[in-house]
Amino acid sequence: MREDTARKLMTYLLKPLSWVYGGITSLRNWMFDHDILTQEEFDVPVVSVGNITVGGTGKTPHVEYILSMLSMDYNIAVLSRGYKRKTKGFILANAHSTPDSIGDEPLQIYRKYGMKVKVAVCESRRKGIKELLRQFPDLQLILLDDGFQHRYVKPKISILLMDFARPIYEDNLLPLGRLRESAHQVGRADIVVVTKCPEELPPLEYRLITKKLDLMAFQRLYFSRFSYGQLTPVFQDDEPYNVSLSGLTERDGVFLVTGIANPRTFVRHFKNYPFKVKVAHFSDHRDFTRDDIQLIKDRFRTLTGERKIIVTTEKDAVRLMYNPYFPSELKKLIYYLPVTVKMEPVIDDGDFIGDLRKDIEAVEI
């Protein structure tokens, strides 16, 4: 009863702030819609991948999925803000880039696709695109990572992601909920992808989500899920133990370290295994401090098991491999679990990549 009362009080206190926040974002969108604030279009097709929920919808894996399917056919660049980087201005990723210089997610993308695509960061999407086109005038496609709210650039194709477990039609605006702007703004998207779906989603669930989203005729809806790969050593040069999740037993222990916005899907994956699990959550884009690393070290020491390893996310691995405080004795014991996107068949048998190709080819240059 006490928790219910506290929840009602919190709702009562936060709702007015949510109304104010909603009013500000609605006014901003209205100004863009009526050309009071101007958007800039570019000759090259610009595809925006974003969300209206604070963190955790799977933007980077979906950007990587698009790159994996299209980078052989198009000369592509990825432009990100470079969240929490310690630099300013336009920076093109290169072999010397670090999380501090370009941010963890752009670095993750660069490490995978840097030989096939250009990866850059810039606070201003307009300036970033202009600089990319100045340096690489033969670009055929630019992906904007987390570009839905950055309306000064008008994308040719806008992809909006929605977490299956946190549907926007059941959420509230900040600070009462986790929406950056009204759920009605889904109408700006050309494509909506419901992400992190469970395996074997019943057809009835597809239809319910489709009905609740109530998209317009020109909008297309797709569903995706995460697929996890094999454990990969974070520190490749430290002769890591040869280990796999399926090879661990109930006598072993796994310590999960996450610094992402929504670790629920990642942690839930480990419930399918018999070994003991201990979890340490940190804030999103965590710049692990000396104290953080000491906490990881201490908690790992208390984990019981004949064999013990640390497993982290791919994004956290990018930061940890550059962390000066990570102890050398644990380097051969820490792994990350790669994640890829699998598109689920939709009710009308649409093909996400095939349809995206058609959209790109239909853009008049």
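Coordinate-derived values only; no laboratory data. The model shown is predicted, which means the values in this text are computed figures rather than measured ones. Here the Cβ is made from the backbone with ideal geometry for all residues, glycine too, and neighbour counts use every protein chain on show.
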Inset, instruction - Take ARG111, ARG225 and order them by how many other Cβ atoms sit within 10 Å, fewest up front. - result: ARG111, ARG225
Legend entry - Pairs beyond 30 Å (Cα-Cα), from LYS86/LYS154; LYS212/LYS358; LYS84/LYS118; LYS118/LYS271; LYS8/LYS271: LYS118/LYS271; LYS8/LYS271
Inset, instruction - Taking the chain as the reference, fit the longest principal axis to its C-alpha atoms, fit the long axis of helix 59-70 to the helix C-alpha atoms, and give the angle between the two in degrees, 0 to 90, nearest 10. - result: 70
Legend entry - the stretch 87-136 and the stretch 270-304: distance between their alpha carbon centers, rounded to Å: 30
Inset, instruction - Run the numbers on the chain and let me know its relative contact order in percent, using alpha-carbon pairs under 8 Å that are six or more apart. - result: 19
Inset, instruction - Calculate how steeply helix 125-135 sits against the longest principal axis of the alpha-carbon atoms of the chain, using the helix alpha-carbon long axis, and give the answer as 0 to 90 degrees to the nearest 10. - result: 90
Legend entry - With Cα atoms, 0 to 90° folded angle of helix 203-213 axis to the chain main axis: 50
Inset, instruction - Rank these for me by crowding, GLU314, GLU344, going from fewest to most other beta carbons within 10 Å. - result: GLU344, GLU314
Inset, instruction - Sort 140-149, 180-189 for me by packing, meaning the mean count of neighbouring Cβ atoms within 10 Å per residue, highest on top. - result: 140-149, 180-189
Inset, instruction - Would you mind getting the Kirkwood hydrodynamic radius of the stretch 116-245 from its Cα pairs, rounded to one decimal in Å? - result: 18.2
Inset, instruction - Quick one: compute a quarter of the convex hull surface over the Cα atoms of the chain and quote it in nm². - result: 20.9
Inset, instruction - Could you please tell me the mean projected area of the C-alpha convex hull for the stretch 232-337, averaged over all directions and given in square nanometres to one decimal? - result: 6.0
Inset, instruction - Report the normalised scattering of the stretch 258-311 as log10 I(q)/I(0) at q = 0.25 Å⁻¹, calculated by the Debye formula with identical scatterers on the alpha carbons. - result: -1.13
Inset, instruction - Counting other beta carbons within 10 Å of each Cβ, put THR265, THR340, THR210 in order, fewest first. - result: THR340, THR210, THR265
